[in-house]
1. Which residues, counting only those in segment 313-332, are crowded, with 18+ Cβ neighbours inside 10 Å and among the aliphatic types (A, V, I, L, M)?
2. Any residue at all in segment 69-80 that's surrounded by 14 or more Cβ atoms within 10 Å (Cβ to Cβ), modelled with pLDDT of 95 or more and touching a helix residue (DSSP H, G or I) at 6+ places or on another chain (Cβ under 6 Å)?
3. I need every pair where a residue in segment 45-59 that is surrounded by 14 or more Cβ atoms within 10 Å (Cβ to Cβ) has its Cβ under 6 Å from the Cβ of a residue that is of a type in the set (Val, Ile, Thr) and outside any loop (DSSP other than H, G, I, E, B), sequence separation at least 6 or different chains.
4. Quick check: is even one residue across segment 300-312 within 28 Å of Arg200 (Cα to Cα), touching a Lys or Arg at 6+ places or on another chain (Cβ under 7 Å) and loosely packed, with under 15 Cβ neighbours inside 10 Å?
5. Among the residues of segment 182-207, what is the count of those that are surrounded by fewer than 22 Cβ atoms within 10 Å (Cβ to Cβ) and either at pLDDT below 95 or part of a loop (DSSP other than H, G, I, E, B) (or both)?
6. Can you give me the number of residues within segment 118-145 that are in a loop (DSSP other than H, G, I, E, B) and within 28 Å of Pro247 (Cα to Cα)?
7. The conditions are (1) in contact with a His (Cβ under 9 Å, 6 or more places away or on another chain); (2) of a type outside the set (Lys, Arg); (3) over 26 Å from Leu249 (Cβ atoms), and Phe108 fails exactly one of them. Which is it?
8. Among strands (runs of 3 or more DSSP E) lying entirely in segment 269-332, which contain 1 or more residues that are within 16 Å of the ligand (Cβ to nearest atom) and among the charged types (D, E, K, R)?
Amino acid sequence: MNTKAVLLVTLGVFSVVLLFGANSAAQVTRHYYIAAENVNWEYAPSGRDLIHSSLIPKPWTNFTRWKKTRYVEYTDGTFTAPKAQPPWLGVLGPIIRAEVGDTIQVHFVNRADGSFGIHPHGVRYTKDNEGAHYFGFDGTAPGAGAQVAPGGSFTYTWIADDDSGPGPSDPNSIVWWYHSHVDEPQETNAGLLGPIIITRKGMANADATPKDVNREFVTMFMIFDEAAGAERGLMHSINGFIFGNLPGLVMNLGEKVRWYLLGMGNEIDLHSGHWHGKTVRFHGRQTDVIELLPGSMATVDMNADNAGTWLYHCHVADHIDAGMIATYTIQP
Ligand SMILES: [Cu+2]
């Protein structure tokens with residue numbers, strides 16, 4: 001090899017290292033430590049119907065506390081220190097975030113008493129990382145992460161690819177579901193569900209939150225069935241709270257606020273989330289009602305320029321009576 005050839009080979013190796021270096025610098029893997037745990041859940045922590053300033057009405061008066069199974073986030077792989085989540089997130093599991101191009105790793109531990117897993121919507125995964133238990137028509141077996149036995153663990157790897165992120169007419173971040181999917185109806189009703197938020201490439205802060213809004217809220221409309229269909233156990237909740245007990249939907253005057261709305265549940269779970277006080281922008285139009293069916297996901301933006309405390313409720317008549325109501329506050 002003459003001197004010229006050696007120089008060319010050296011330059012070639014150097015540029016490969018440069019390219020690889022640039023790629024690996026841009027590669028981000030976001031780790032989440034999530035356990036499934038049994039909890040006692042209180043749907044009305046104040047003990048009151050705060051909307052009507054009265055007792056919780058019948059038949060729920062003495063039936064606001066029920067056993068649930070939740071996704072609880074921890075700070076690291078020792079699973080000893082729970083990570084605080086905003087009070088408004090309620091019964092939902094932690095927000096799993098990524099920017100398009102990122103990899104998500106969810107380290108899951110099952111501390112509950114059934115076989116559970118985590119199935120994500122929206123993101124890209126292999127069969128082993130699908131987190132759903134079923135057999136295919138062609139005999140395809142469930143993937144490795146389909147179900148995690150009590151005491152077991154599994155690490156899910158998901159990719160936030162281009163098709164996971166906002167489309168051309170979407171806001172700069174959008175919401176997706178995650179939930180357990182061994183016996184899906186039973187497990188979502190138990191409380192094993194939460195949000196994934198994917199931010200457009202180049203529009204994310206270091207923590208993957210979107211740069212173009214001041215504040216975000218996630219609200220889920222769902223009737224949890226706690227007593228085999230009996231009315232006293234039908235908890236018409238937003239994030240697991242009823243009759244005005246959803247805390248912390250507070251923003252400051254002038255803020256741009258992104259609301260992520262989710263629906264889940266059964267055939268009675270047709271909801272229409274409605275804000276008093278302000279409208280929101282949804283796919284280029286203004287509205288103040290968002291329609292939600294089970295499994296639905298919607299992302300809307302609000303200009304919080306009208307100070308006050310305002311109603312935020314499902315517009316289905318029976319659901320209003322049953323307490324699917326909250327309030328939000330725009331501070332002056
Ligand atoms: Cu409703």
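The values are calculated or read from the model by the stated rules, or taken from the named source; none is laboratory data. A quick note: this is a predicted structure, and the numbers were derived from the prediction, not measured. Note: ideal-geometry Cβ built from the backbone for every residue, glycine included; neighbour counts use all protein chains shown.
1. Scanning segment 313-332 gives Val316, Ala322, Met324, Ile325, Ala326, Ile330.
2. First pass over segment 69-80, keeping only residues surrounded by 14 or more Cβ atoms within 10 Å (Cβ to Cβ): 69-74, 79.
When the remaining residues are screened for being modelled with pLDDT of 95 or more, the result is 69-74, 79.
With touching a helix residue (DSSP H, G or I) at 6+ places or on another chain (Cβ under 6 Å) added as a condition, the list becomes 69.
The answer is yes, given that some residue of segment 69-80 is surrounded by 14 or more Cβ atoms within 10 Å (Cβ to Cβ), modelled with pLDDT of 95 or more and touching a helix residue (DSSP H, G or I) at 6+ places or on another chain (Cβ under 6 Å).
3. Sorted first by the residue in segment 45-59, then by its partner, the pairs are Ile51/Ile325.
4. Yes.
5. 9
6. Step one: filter segment 118-145 for residues in a loop (DSSP other than H, G, I, E, B), giving 118, 121-123, 125-126, 130-145.
Narrowing further to those that are within 28 Å of Pro247 (Cα to Cα): 118, 121.
Total meeting the criteria: 2.
7. With respect to (1) in contact with a His (Cβ under 9 Å, 6 or more places away or on another chain); (2) of a type outside the set (Lys, Arg); (3) over 26 Å from Leu249 (Cβ atoms), Phe108 is out only on (1).
8. On the way: elements: 271-275, 280-282, 285-287, 289-292, 297-304, 308-314, 325-331.
In segment 269-332, the matching strands (runs of 3 or more DSSP E) lie at 289-292.
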